[in-house]
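Data block below; observations after.
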Amino acid sequence: MKKYSILSCFTLITLSVFGQNESKLIIDASPDQTNLNPLIRVRSFFGADLLSITSGNPSTTFMGNRAGEDNTTGSANTGCGYVSLGNIKTGSNNTGVGAYALANNPDGNQNTAVGSGAITQTNLSSVNTSVGYSAGYLRNFGWNNVLVGANTDADQNDLFNIIAVGQGTLLTSSSTARFGNSATVSYGGWADWTKISDGRFKRNVKSNVPGLALILNLRPVTYQLDLSQIKSILHENRGTARSEDLEEAINDKEKIVQSGFIAQEVEKVATQIHYDFSAVDTPQNESDYYGLRYAEFVVPLIKSVQELNQALNSQNLKLKNEREALYKKLERLERLLGVIN
């Protein structure tokens, strides 16, 4: 094996050739090497930076022009792409893949951003996961958020504990999950959705669910969704023009005649009978909207059946007693008339 050493003003480069199972190119950084002056920098013919590789913490890897350029004490960070993790300083355990991915979060930890522009504006926040082109690009998110799909986002800053899955899926309040977008017409699987209902985790249990008092005052309706209004109010897909395929899907869905209730009307009926009905998903802020959890209507419906059954049993018992009393009167009358001995 032959070795050739080239001494430059910045570092000692050792080239190893003809060897087996040995490094062929070793570049040793100088003690004062910084991410602003990457260990390796590739430029175009005109001098524009194309690629850089930094030499910070051994657990940290940055590849791409200006990737991780502000990193100081952060460790276990990985940035790949133009300006990915560009503003990271003390934050650790972050991963950004794609141009501008997680570009402005200096002190956050345990964030993962995959996709060009993924959670670019979020700073000082941790435990966020964003996958997809421009996923979470517009907003400065809080903690514990999951966004999967191109252009998934929120309509305001500081939301936390949200899940958005789809294309252009938009969240309007914290601790909520949304799947698909307004063009989605079906969700499915091979089993029903299971809601945690273990008695060990329930307190203040009361048998105060109304039945007929609620059900008889509801107004079942048929309707068609105005998806253009939804897009206008929610700025779905950030107000960009719909593709031809998406526009066709929206038009098809607007033609579907659906059955259900008006959430505001259900809320009014429940309020009138002093019932805090969890089936009504009320807005959490000015830009949020009403929704209904139709599965929870099963509970007052069961109560209604129980009330009807109780009324039926009571009526049957009353009729039985009246019939027996009538038979006794008839028997006495027959005795008086000598019809029977």
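Do the conditions hold for Pro283, that is, is it surrounded by 13 or more Cβ atoms within 10 Å (Cβ to Cβ), under 24 Å from the mean Cα position of the chain (by Cα) and either under 30 Å from Ala213 (Cα atoms) or at pLDDT 95 or above (or both)?
Yes.
Does Val266 count as surrounded by 11 or more Cβ atoms within 10 Å (Cβ to Cβ) and among the β-branched types (Val, Ile, Thr)?
Considered against the rule, which asks whether it is surrounded by 11 or more Cβ atoms within 10 Å (Cβ to Cβ) and among the β-branched types (Val, Ile, Thr), Val266 comes out as yes.
For the subset of region 17-56 comprising residues that are under 18 Å from Ala67 (Cα atoms) and among the polar types (S, T, N, Q), which member is modelled with the highest pLDDT?
Only one residue fits best here, namely Ser44.
Here are some residues: Thr176, Thr172, Thr129. Which one is farther than 23 Å from Thr282 by Cβ and surrounded by 15 or more Cβ atoms within 10 Å (Cβ to Cβ)?
Testing whether each residue is farther than 23 Å from Thr282 by Cβ and surrounded by 15 or more Cβ atoms within 10 Å (Cβ to Cβ) leaves just Thr129.
Listed here are the residues, each with its yes/no results for (1) of a type in the set (Ser, Thr, Tyr); (2) more than 22 Å from the chain's Cα centre (by Cα); (3) assigned to a loop (DSSP other than H, G, I, E, B).
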site	(1), (2), (3)
Asn181	no, no, yes
Thr184	yes, no, yes
Gly188	no, no, yes
Ile196	no, no, yes
Asn204	no, yes, yes
Pro210	no, yes, yes
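A quick yes/no check of all residues on (1) assigned to a loop (DSSP other than H, G, I, E, B); (2) charged (D, E, K, R); (3) assigned by TED's automatic domain parsing to the domain that holds Asn217:
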| position | (1), (2), (3) |
| --- | --- |
| Glu247 | no, yes, yes |
| Asn251 | no, no, yes |
| Ile256 | yes, no, yes |
| Val266 | no, no, yes |
| Val269 | no, no, yes |
| Phe277 | yes, no, yes |
| Gln284 | yes, no, yes |
| Asp288 | yes, yes, yes |
| Pro300 | no, no, no |
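Surrounded by 10 or more Cβ atoms within 10 Å (Cβ to Cβ), polar (S, T, N, Q) and assigned to a helix (DSSP H, G or I) - does that describe any residue in region 316-329?
yes
Can you confirm whether Val209 is closer than 21 Å to Pro300 by Cβ, surrounded by fewer than 10 Cβ atoms within 10 Å (Cβ to Cβ) and not charged (D, E, K, R)?
No; evaluated as a whole, the condition is false for this residue.
Hey, any hits in region 228-246 for a residue that's within 22 Å of Asp288 (Cα to Cα), of a type in the set (Ser, Thr, Tyr) and modelled with pLDDT of 95 or more?
No: region 228-246 contains no residue that is within 22 Å of Asp288 (Cα to Cα), of a type in the set (Ser, Thr, Tyr) and modelled with pLDDT of 95 or more.
Scan region 153-173 residue by residue and report those that are assigned to a loop (DSSP other than H, G, I, E, B) and under 9 Å from the mean Cα position of the chain (by Cα).
Once the filter is applied, which keeps residues that are assigned to a loop (DSSP other than H, G, I, E, B) and under 9 Å from the mean Cα position of the chain (by Cα), region 153-173 yields Asn161, Ile162, Thr169.
Here are the criteria: (1) touching a residue at least 40 places away in the same chain (Cβ under 8 Å); (2) over 24 Å from Ala177 (Cβ atoms). Tell me which single one Gln156 does not satisfy.
Going through (1) touching a residue at least 40 places away in the same chain (Cβ under 8 Å); (2) over 24 Å from Ala177 (Cβ atoms) one by one, Gln156 breaks only (2).
Could you check how many residues of region 330-341 are assigned to a helix (DSSP H, G or I) and aliphatic (A, V, I, L, M)?
3
What is the residue count in region 130-141 for residues that are assigned to a loop (DSSP other than H, G, I, E, B) and either within 13 Å of the chain's Cα centre (by Cα) or within 15 Å of Ala177 (Cβ to Cβ) (or both)?
Residues meeting the conditions: 3.
Matching residues to (1) of a type outside the set (A, V, I, L, M); (2) touching a residue at least 60 places away in the same chain (Cβ under 8 Å):
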{"residue": "Lys202", "(1), (2)": "yes, no"}
{"residue": "Arg219", "(1), (2)": "yes, no"}
{"residue": "Tyr223", "(1), (2)": "yes, no"}
{"residue": "Ile256", "(1), (2)": "no, yes"}
{"residue": "Ser259", "(1), (2)": "yes, no"}
{"residue": "Val280", "(1), (2)": "no, no"}
{"residue": "Gln284", "(1), (2)": "yes, yes"}
{"residue": "Ser287", "(1), (2)": "yes, yes"}
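The values are calculated or read from the model by the stated rules, or taken from the named source; none is laboratory data. Here the structure is a predicted model, which means the values were calculated and not measured. Positions of Cβ are backbone-derived with ideal geometry, glycine not excepted, and every protein chain shown enters the neighbour counts.
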